[in-house]
Structures are given as C-alpha cells and as structure tokens.
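Written below as structure tokens is the structure these notes are about.
The values are calculated or read from the model by the stated rules, or taken from the named source; none is laboratory data. Keep in mind that what you see is a predicted model, and the values were worked out from it rather than measured. With ideal geometry, Cβ positions are generated from the backbone for all residues, glycine too; neighbour counts draw on all protein chains shown. Surface areas here come from the heavy atoms of the whole protein model, side chains and all, with no ligands, DNA or RNA. Shrake-Rupley method; radii C 1.70, N 1.55, O 1.52, S 1.80 Å.
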Amino acid sequence: MRVALIQLNIQYGNPDENYRQVTTAITQAAQQAVDVIVLPEMWNTGYALTRLNVLADDNGARTIKVLSQLAQQFHVNIVGGSVAVAREDDFYNEMLVFDRAGQLLSRYDKVHRFGLMAEDRYITAGRTENRFTLDAVPAMGVICYDIRFPEWLRKQAAQGPQVIFVSAEWPTVRLPQWKILLQARAIENQAFVVAVNRVGSDPDNAFGGQSLVIDPLGTILAHGSDHAEITTATLDFDQVAAVRGSMPVFADRQPELY
Ligand SMILES: NC(=O)CCC(=O)C(=O)O
C-alpha cells in the first residue's frame, strides 16, 4: 500500500481557500501512483471554533461532495483528515473515509476533545469506533488527541487493523511527544501508523508538520518537514504478519484482568 500524507497550511476560518488547497493537493498527490491519500485535522476551518456556526460544513455535505468526487476521479482511497461539521444543533470534528469508487466507508467523530485548544467547549464528543477496510486491508482512524489514549486505539487494533491513520493539528511545542506517542502506538499495536499534521499557524499556535509513517517495530519510514508538502511511503503488510506471528501480543492479552 503506497500512502501520501498531505501537510497543509490550513487557512484559519477560510473554508473556501482550504477546499481549494485540498483539491489542488489531492490532484498533485494522485499523480504519484498512491493508493491512499491522507489529510490533516479540521482542515476546512482550522481551530476557528468560535465561528463554527457560520464556518462548519452542514452535515459534511460539502466535504463528502468534494472528496467523493476526487476519490472517484483519481481512483484513490482518501482518509479525509477531519472537518468541522454541523449536525443536529451540534458541532463535531469528523473524519470521513472514501474508497476508490468515491463511496463513503466511514464517518468518525473525534472521541477525545482537547481542552488546551478549547475543543471541549465547542465540539461534541463522538462515541463510536472507526474501523474500515481499504483495498482488503483492515484499517482504523483516529484524530490527534485520541493518540494519548492507548486503550482507545488498542480496543480497535485488537479487532484486526494493520494500519492506524491519524489526522492532526498538533502544535510545534509538543512535537517531541507526538513522535514518541506515535511510535508507541505502532509498537504496542504491531501496526503501521500513518500520521498527518498540519503546518502554518493560527492565532494561538504554530504547527510544525513532522508527519510520520512508522512501521510495526517503531521504525520511522517517512518524516515530513515543517512546510506544506506531500510525503509518500510504502507499507508492506507482510511485516505485520511477521511481527504478530513472532510475538502474539494480542493473543497474550489478559482482558479479564484489565
Ligand atoms: N488537536 C489536538 O487534538 C491537539 C492535541 C495535542 O496537541 C496534544 O498534545 O495532545
């Protein structure tokens, strides 16, 4: 599986510009013979949380239209990062996943809301898992702060996923922790981690990219810079089978004790 990680300089509170940027970036990534394109977190609005009443995508309709059409046009799977969505008088931080035919495979509302960026004051928490299949590969997706809750990822990874997609707006000041946490999630779940962070800044934070592709042993296969760019890498899932075969962590769990 060849993946493309799109680091965007998300324009704060400017959905029209961000949809334009995303369309251009996906078009560019699709020229690189990739199987899956991955976007960062809340790319339609940035963390302009006080203005979601006018900025959020109504039930995700605009995002579904744009990403479904691009997936179908370029015959590529799209893990659509996340977008601010308005739904039934609430706002959600929602990940949308599409297959090569443009079919919507999954909708995931971020479960763990990040208080340091006031997300818990404006966004309603999700309550459901996010597992899906891309090109016959079991996969899962989470959003940013979710990665600090290993039990949430483990609960889903124990059911089969061989790759964990992460979409983020992770500030530069905590990038050392970003790298360590993602390597730990890959090692403990014996899975690939494909994690996309944004670049640029908003009124409250600077975001230094450093998107990562990590193998099931915690080795970093690809590493983004601090600029808007597309990073690619190839995942060999035979490695997942080999690692899980030699050390059957999931079989050795004692869930009745914890
Ligand atoms: N957008 C986010 O969830 C940020 C999470 C973060 O920065 C962290 O340190 O955790």
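Based on what the data block shows, is Arg62 charged (D, E, K, R) and either open to solvent by less than 60 Å² (accessible area, probe 1.4 Å) or within 16 Å of the ligand (Cβ to nearest atom) (or both)? Judged against the criteria, Arg62 is not a match. Starting from residues that are part of a loop (DSSP other than H, G, I, E, B) and of a type in the set (Val, Ile, Thr), keep the ones in the range 1-42 and report whichever is nearest to the chain's Cα centre (by Cα). Checking each candidate, the answer is Ile10.
If you scan the range 101-131, which residues turn out to be away from the ligand (no atom under 14 Å from the Cβ) and more than 13 Å from the chain's Cα centre (by Cα)? Answer for the range 101-131, where residues must be away from the ligand (no atom under 14 Å from the Cβ) and more than 13 Å from the chain's Cα centre (by Cα): Ala101, Gly102, Gln103, Leu104, Leu105, Thr124, Arg127, Thr128, Glu129. Condition first: among the acidic types (Asp, Glu), open to solvent by 50 Å² or more (accessible area, probe 1.4 Å), out of contact with any His (no Cβ under 6 Å at 6 or more places or on another chain) and on the phi < 0 side of the Ramachandran plot. Can you find one or more residues in the range 74-94 that meet it? Yes - at least one qualifying residue is present in the range 74-94. Among the residues of the range 52-63, are any over 16 Å from the mean Cα position of the chain (by Cα) and farther than 25 Å from Thr124 by Cα? Within the range 52-63 (the criterion being over 16 Å from the mean Cα position of the chain (by Cα) and farther than 25 Å from Thr124 by Cα), the answer is no, since none of the residues qualifies.
Among residues of the range 147-162 that are open to solvent by less than 40 Å² (accessible area, probe 1.4 Å), those with a beta-carbon under 7 Å from a residue that is within 16 Å of the ligand (Cβ to nearest atom) and part of a loop (DSSP other than H, G, I, E, B) at least six positions away or on a different chain give the pairs Trp152/Val111. Looking across the range 241-253 at every residue that is over 12 Å from Ala191 (Cα atoms) and among the charged types (D, E, K, R), the one that is most open to solvent (accessible area, probe 1.4 Å) is identified as Asp252. The set of residues from the range 153-191 being among the hydrophobic types (A, V, I, L, M, F, W, C), more than 13 Å from the ligand (Cβ to nearest atom) and part of a helix (DSSP H, G or I) comprises Leu153, Ala157, Ala184, Ala186, Ile187.
Among the residues making up the range 97-135, those that are open to solvent by less than 40 Å² (accessible area, probe 1.4 Å), in a strand (DSSP E or B) and out of contact with any helix residue (DSSP H, G or I) (no Cβ under 7 Å at 6 or more places or on another chain) are Val97, Ser106, Tyr108, Asp109, Phe132, Leu134. Identify all residues within the range 209-240 that are under 16 Å from Leu8 (Cβ atoms), surrounded by 15 or more Cβ atoms within 10 Å (Cβ to Cβ) and small (Gly, Ala, Ser); write none if there are none. If the condition is that a residue be under 16 Å from Leu8 (Cβ atoms), surrounded by 15 or more Cβ atoms within 10 Å (Cβ to Cβ) and small (Gly, Ala, Ser), then Gly209, Ser211, Gly224, Ala228 are the ones that fit.
Could you grab me the full set of residues in the range 105-146 that are out of contact with any strand residue (DSSP E or B) (no Cβ under 9 Å at 6 or more places or on another chain), free of Cβ contacts under 8 Å to residues at least 60 places away in the same chain and of a type in the set (Gly, Ala, Ser)?
So the first thing to find is which residues in the range 105-146 are out of contact with any strand residue (DSSP E or B) (no Cβ under 9 Å at 6 or more places or on another chain), and the list is 114-115, 118, 120-121, 136.
Checking the rest, the ones that are also free of Cβ contacts under 8 Å to residues at least 60 places away in the same chain come to 114-115, 120, 136.
Selection gives Gly115, Ala136.
Among the numbered conditions (1) buried (at least 18 other Cβ atoms within 10 Å of the Cβ); (2) more than 18 Å from Val163 (Cβ to Cβ); (3) aliphatic (A, V, I, L, M); (4) within 16 Å of the ligand (Cβ to nearest atom), the only one that Leu67 does not meet is (4).
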